[in-house]
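Q: Here it is, the structure, as structure tokens.
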Amino acid sequence: MFSRLALRSVAARQSTPTALVARGSATEVSGLRDEKNFPRPVRGEPGKVRLGFIPEEWFQFFHAKTGVTGPYTFGVGLATYLFSKEIYVMEHEYYTGLSIFVMIYYASTKFGPKLAEFLDKEVDNVETNWNAGRLSTIKSLEDSIAGEKEAQWRAQGQELLIEAKKENVLLQLEAAYRERALTAYQEVKRRLDFQLEKTLLERRIAQKNMVDWIVANVTKAITPDQEKQAMDRCIADLAALAKN
Amino acid sequence: MAKRFTKSAINWVEFEKQVPPEQKTKFLAFKAKADIYLRRVQANPPEPPKINWEEYQKIVPVKGLVDKMKTAYSGFQVPYPTDTLSAKVDEQWKSLEPKIKEYCAEIQKDIEVAQKELNRIKALPKFEDMTMETFYDVYPNEALDPVKRPTFWPHDPEEQLGYVPPQHKAVKK
């Protein structure tokens, strides 16, 4: 029984290392970087912007003095100044740029979300591809651990088997004891019943015998003379009864 | 008197769950045997019924027979059968227990190896957080290495020198 279980766990053991060797047998990230004092940088969130390109910090900078509308007013004023003083000249490239901006804005609002979704899905696919090998190895390792724990549990179930065997022995002893007790009882009862039956039978026979003997003797003792007297008396009684 | 059997002390349901599937048939045979024993036990009552001595006393005329039987029967102790097999079972257990422990210890070693491997893999940096540099650190053989193993763009096998497409390989054979 152990050999079969051992084969199963050996099979699980053999499948995992080969997959890992393929992925790189470096037990530690080579380069021996000091992870505690120089932790690897984690990609952070991009800075917050308004209108797509103006950093949030500029708005915060204005907020204390001019409130919420400050920066926008400043922007409009600055733009008006640049346009009116012809510091920013509206020449051909400006109109080209404006048209392109409008087209791009329209395209991004119309097609942007869908394109973003598609690209995100592609990125997710690439990521899952990378992780697939690792995840499958992790899963197989966990499965093998679970299987081995189960094998241990089952091996310990053999203790129950021994207990069951002991109980079987006890059962057999108990059965034998009960049979013996019952046999003893039955034997005694048999003998007593026999005596009982014998006595009753004897009494019955004796009774019957006595009755027969008495009747026989009485009929014998009746003489013809007595018989005639008895008959005459019976007739007289009958006549008396009939009269009444 | 040794302890009497009153009720089954074994949880057969739990026991059945612990039996490995390849030994189910053997377990069923064992259980059948145990059921036979149980039925034999239950065929007879735990105590034999009482004998009504008074009625026999009244009727049986043989002097002293009933009294003699009464004293003999009540004085008689039904012998509980001797237990020869429990010792053998204990012996079996003594030889079995170290084997179980050994097996469990071996399996435990395997579990530990697997667990260590699992921890190592879980401790590796996530691919989502890696840069090309860290990828080179973790998997030096698979990363692009322009110094030791330079490759032509687009860095796939077809564009490198000495690439043999699969069908040509088959023709060559």
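Q: Which semi-axis lengths, in whole Å and largest first, follow from the square roots of five times the eigenvalues of the Cα gyration tensor of segment A:100-143?
A: 40, 7, 5
Q: Then there's this: Report, as an integer, the average count of C-beta atoms from other chains found within 10 Å of each Cβ along B:56-65.
A: 3
Q: Rounded to two decimal places and with Rh computed the Kirkwood way over Cα pairs, what is Rg over Rh for segment B:80-173?
A: Reported Rg/Rh (Cα atoms, Kirkwood Rh): 1.47.
Q: Could you work out the pair-distance distribution P(r) of segment A:26-164 from its alpha-carbon pairs, with 5 angstrom bin width and percents rounded to whole numbers?
A: In order of increasing distance, the bins hold 2, 6, 6, 8, 9, 11, 9, 8, 7, 7, 6, 5, 4, 3, 2, 2, 2, 1, 1, 1, 0 percent.
Q: Give the total of Lys-Lys pairs in segment B:1-79 with Cα-Cα distances below 25 Å; include a pair only if its members are 8 or more places apart or on different chains.
A: 19
Q: Can you work out D for segment A:47-89 in µm² s⁻¹ from Stokes-Einstein, where Rh is the Kirkwood radius over C-alpha pairs, the temperature is 4 °C and the viscosity is 1.567 mPa s?
A: 115
Q: Would you calculate the convex hull of the Cα atoms in segment B:127-172 and tell me its volume per residue in Å³?
A: That works out to 114 Å³ per residue.
Q: Given the protein chains as shown and a 1.4 Å probe, how many square angstrom of residue A:218 are accessible, to the nearest 10?
A: Approximately 80 Å² for this residue.
Q: Related question: Please pull out the direction-averaged projected area of chain A, using the convex hull of its alpha-carbon atoms, in nm² to one decimal place.
A: 55.8
Q: Determine the order of A:213, B:12, A:130 by accessible area, beginning with the largest, at a probe radius of 1.4 Å.
A: So, going from the largest accessible area down, we get A:213, A:130, B:12.
Q: Rounded, prolate or oblate: which fits segment A:105-228 when a ≥ b ≥ c are the square roots of the eigenvalues of the alpha-carbon gyration tensor, with rounded for a/c under 1.5 and prolate only if a/b beats b/c?
A: oblate
Q: Moving on. Determine the share of segment A:47-89's accessible area contributed by carbon and sulfur atoms, expressed in whole percent, with a 1.4 angstrom probe.
A: Ligands and nucleic acids excluded, carbon and sulfur reach 70 percent.
Q: Where does the longest stretch of chain A lie that holds no GluC sites (Glu not before Pro) found in a DSSP loop with 13 or fewer other Cβ atoms within 10 Å?
A: A:92-244
Q: Now for a different question. Calculate the translational D of the protein assembly as shown in whole µm² s⁻¹ from Stokes-Einstein, where the hydrodynamic radius comes from the Kirkwood formula applied to all Cα pairs, the temperature is 10 °C and the viscosity 1.306 mPa s.
A: 44
Q: Still on this structure, I have one more. Just to be sure I understand the curve: with the Debye formula and one point per C-alpha of chain B, what is log10 I(q)/I(0) at q = 0.11, 0.12, 0.20 Å⁻¹?
A: Computed log10 I(q)/I(0) values: -0.89, -0.94, -1.42.
Q: If you don't mind, there's one more thing I want to ask. Using a 10 Å cut-off on Cβ to Cβ distances, tally the other chain neighbours for every residue of A:192-205 and report the average as a whole number.
A: Counting other chains' Cβ atoms within 10 Å and averaging over A:192-205 gives 3.
The values are calculated or read from the model by the stated rules, or taken from the named source; none is laboratory data. Given the structure is predicted, the values throughout are model-derived calculations rather than measurements. All Cβ positions, glycine included, derive from the backbone under ideal geometry; neighbour counts span all protein chains shown. Quick note on the areas: whole protein, heavy atoms, side chains included, nothing else; ligands and nucleic acids left out. Shrake-Rupley method; radii C 1.70, N 1.55, O 1.52, S 1.80 Å.
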